[in-house]
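Let me begin by presenting the structure, written as structure tokens, before commenting on it.
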Amino acid sequence: MSEDIKPIAIDALGGDHAPLEVVKGAASSGVPCILVGPENVLKPILADLKNPANIKEIVHATEVVDNDDNPVSAVRNKKSSTMMTAIRLVREGKAGGVMSPGNTGAFMMGATMILGRLPHVTRPAAAITVPTPTGLSLLLDAGASTDCDPEDLVNFAVMGSTFTTAVWGTNNPRVGILSIGEEEVKGSKVSKEAHQMLKQSTLNFIGNVQGSDLGSTTADVIVTDGFTGNVALKSAEGISSLIMSVVKEEFQATRGLEKAAVWILYPLLRRIRARLDWREYGGGALLGVRGNVVIAHGKSKSRAIATAIHLAYDLAQTDLLNRLEDALSRFHGVAENPKKVG
């Protein structure tokens, strides 16, 4: 790993399993990290883990942003919390990125207010990795901005394309708008206006995609408003969990020769479960703010924490922030020409 990349700041008191699982995840990631939390709590955990060399520093903070805290109140009234302190380390140039499994709304608002937005971005987007039969796709927004304008969806498309190219190496990523039908006349007023804008752009826009395309190979980037995206994502997660629960129940109910056959297939079933497991894909990147920000699932244990930290490090290593700013500037610079949007 490059020595030029600054450590990732970790909100050690965020999430349902903090601080133990967060610290274990940071230690096992191998990524240079700064832990933000109470020294008297974190030091004994690190000692039990034999003081891993990748933990570069502990920044002392004791205040916690609770899951039920109002995001605005948390940003204004809990400025010394582990979450807000970790975000400020990025603004101060002491960290190359920040990761938290804590209160998602407070984390996104804190990152937006403390770090600021990139030029041309009115609303940031939470970009979530979705597994497909042949690789990965990106869904954004997954909940950061519930009320969006057509211009916001266009910005999401630009940022999503830049992300998939920079981080995953996707060549000329296909962009679709999540809608209720493939025909361009279908959808909300916002999505139909964004459709026309993207249709005229130089992005590889393939038109509308439907909910059934989520998790398929139809598009590399799927854009929508945060309300629709979050509902779609949670629905997909619920169906995935249902499938795995049914498989587990049927596995446990087998008898005789049927059970022997299941045991033979067990390695295959484990691989299927891994491909559908959200813990394998880390957190979501908050795109559109001036910093590498990764939101981890509140239920994350050490493996998911480690994966989310790796994502934050990948964003820093690929210089995603500057690439996003450059892509947005180029896109909007050309958009001033009334004959061509992108």
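With respect to ILE34, is the statement that it is buried (at least 16 other Cβ atoms within 10 Å of the Cβ), touching a residue at least 40 places away in the same chain (Cβ under 8 Å) and among the hydrophobic types (A, V, I, L, M, F, W, C) true? Against the criterion (buried (at least 16 other Cβ atoms within 10 Å of the Cβ), touching a residue at least 40 places away in the same chain (Cβ under 8 Å) and among the hydrophobic types (A, V, I, L, M, F, W, C)), ILE34 qualifies.
Conditions (1) in the same structural domain as VAL231 (by TED's automatic domain parsing); (2) more than 16 Å from ASN292 (Cβ to Cβ); (3) touching a Leu at 6+ places or on another chain (Cβ under 8 Å), marked per residue:
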residue: MET113; (1), (2), (3): no, yes, no
residue: THR134; (1), (2), (3): yes, yes, no
residue: PRO150; (1), (2), (3): yes, yes, no
residue: SER161; (1), (2), (3): yes, yes, yes
residue: GLY169; (1), (2), (3): yes, yes, no
residue: ARG174; (1), (2), (3): yes, yes, no
residue: ILE177; (1), (2), (3): yes, yes, yes
residue: VAL185; (1), (2), (3): yes, yes, no
residue: LYS189; (1), (2), (3): yes, yes, no
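When the stretch 109-119 is filtered for residues that are at pLDDT 95 or above and not polar (S, T, N, Q), the ones remaining, listed by number, are MET109, GLY110, ALA111, MET113, ILE114, LEU115, GLY116, ARG117, LEU118. The number of residues in the stretch 147-202 being within 16 Å of ALA127 (Cβ to Cβ) and in a helix (DSSP H, G or I) comes to 17.
Note on the stretch 1-85: enclosed helices (runs of 4 or more DSSP H) holding 1 or more residues that are within 22 Å of the chain's Cα centre (by Cα) are 20-29, 71-77.
Which residue is farthest from the chain's Cα centre (by Cα), if the candidates are limited to the stretch 203-232 and must be in a loop (DSSP other than H, G, I, E, B) and under 18 Å from ASN171 (Cα atoms)?
Filtering the stretch 203-232 for residues in a loop (DSSP other than H, G, I, E, B) gives 203, 210, 214-220, 224-225.
Narrowing the set further to residues that are under 18 Å from ASN171 (Cα atoms) leaves 203, 216-220.
Working: LEU203: 22, SER216: 19, THR217: 20, THR218: 20, ALA219: 18, ASP220: 15 Å.
Out of the qualifying residues, it is LEU203.
Considering only residues in the stretch 208-231 that are surrounded by fewer than 17 Cβ atoms within 10 Å (Cβ to Cβ) and not polar (S, T, N, Q), the one that is modelled with the highest pLDDT turns out to be PHE227.
The values are calculated or read from the model by the stated rules, or taken from the named source; none is laboratory data. None of the values given here were measured: they were computed from a predicted structure. Neighbour counts run over all protein chains shown; Cβ positions are idealised from the backbone, glycine included.
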